[in-house]
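What follows is one structure encoded as structure tokens, with my remarks underneath.
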Amino acid sequence: DRVGRVVCASPADIDNALRAASAASDAWAAQPAAGRAGLLRQAADALEAAMPELISLCIREAGKTWPNAVAEIREAVDFCRYYAASAESLPPPPAPPGPVACISPWNFPLAIFVGEVAAALAAGSPVLAKPAEQTPLIAARALRLFHAAGVPPAVLQLLPGAGETVGAALVADPRVCGVIFTGSTEVARHIHRSLATRP
């Protein structure tokens, strides 16, 4: 059962994505919080509207049961609405926060992926999203829903591939101003060591 196809991000793809995210950073951070929140709420509505397709992807690509898939989508929607409300209630950052790498796990391929992305977008950061290599199709569909809701393509980009290549390249690049990671303690320690070597 072929669920779909994925092309892993090359070094050139990663560099191009970082250039675009860096160029879009100031304008996205300058967007009023209410504007960013509105886009996140539209993304939440889009996720709900796409529930049958997302359930199918969660089952076929990630091996979720039907109830798990439904819960996954509901949690993703809740994250969008939660971070939309947070964006409106918290004070703005003193300076543009810059691009953020979001690295998500295979076992919550939609909920945690969307939660990381929504948090960074709400805070005013462009996102370089690196989904788990086992579940890129779910992430790609979610990304398209965010774009359809109005999030600019340069502000939210998908970079599928292995953690050892794509993830490591993002973490090591000085243009990445923050990393949101959910996964094993071992990988978290590796990311911490990599970030600690930056000037």
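Here are the numbers for the structure shown:
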quantity	calculated
Student exercise, the chain dipole from Lys, Arg, Asp, Glu Cβ charges, in Debye to nearest 20	140
Solvent-accessible heavy-atom area per residue, rounded to whole Å², over the range 1-134 at 1.4 Å	47
Gyration tensor verdict on the range 45-104 (Cα atoms; rounded if a/c is under 1.5, prolate if a/b is larger than b/c, oblate otherwise)	prolate
Positive-end extreme of charge dipole, the chain - chosen from 83, 47, 101 (charges on Cβ)	101
Computed [θ] at 222 nm, helices only, for the chain once each DSSP H run of length n ≥ 4 contributes -39500 (n - 2.57)	-18500 deg cm²/dmol
Förster-model FRET efficiency, 30 Å R0, residue 88 and residue 2, C-beta, rounded to 0.05	0.10
Residue list for the range 148-179, given a label point 7 angstrom along the Cα-to-Cβ vector of residue 15 and an amide N cut-off under 20 Å	154, 157-162, 164-177
Potential extension, residue 34-residue 186 segment - 0.36 nm per residue separation minus Cα distance	50.9 nm
Farthest toward positive dipole pole in the chain [+1 Lys/Arg, -1 Asp/Glu at C-beta], among 148, 174, 71	174
Largest-first principal axis extents, alpha carbons of the range 157-199, Å	26, 24, 16
Which label in (1) 29, 19, 16; (2) 24, 22, 15; (3) 31, 21, 17 gives the computed semi-axes √(5λ) of the Cα gyration tensor in Å	(2)
Shape call, the range 15-64: gyration tensor on alpha carbons, a/c limit 1.5	oblate
The range 47-199 - percent relative contact order, Cα under 8 Å, separation 6 or more	24
By average C-beta atoms within 10 angstrom, highest first, the peptides 117-128, 56-67, 96-107, 78-89	117-128, 96-107, 78-89, 56-67
Within the range 50-199, percent of DSSP bridges classed antiparallel, to nearest 5	0
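The values are calculated or read from the model by the stated rules, or taken from the named source; none is laboratory data. None of the values given here were measured: they were computed from a predicted structure. Neighbour counts are summed over all protein chains in view; Cβ atoms, including those assigned to glycine, are modelled from backbone coordinates with ideal geometry. All accessible areas refer to the heavy atoms of the entire protein, side chains included, with ligands and DNA or RNA removed. Shrake-Rupley method; radii C 1.70, N 1.55, O 1.52, S 1.80 Å.
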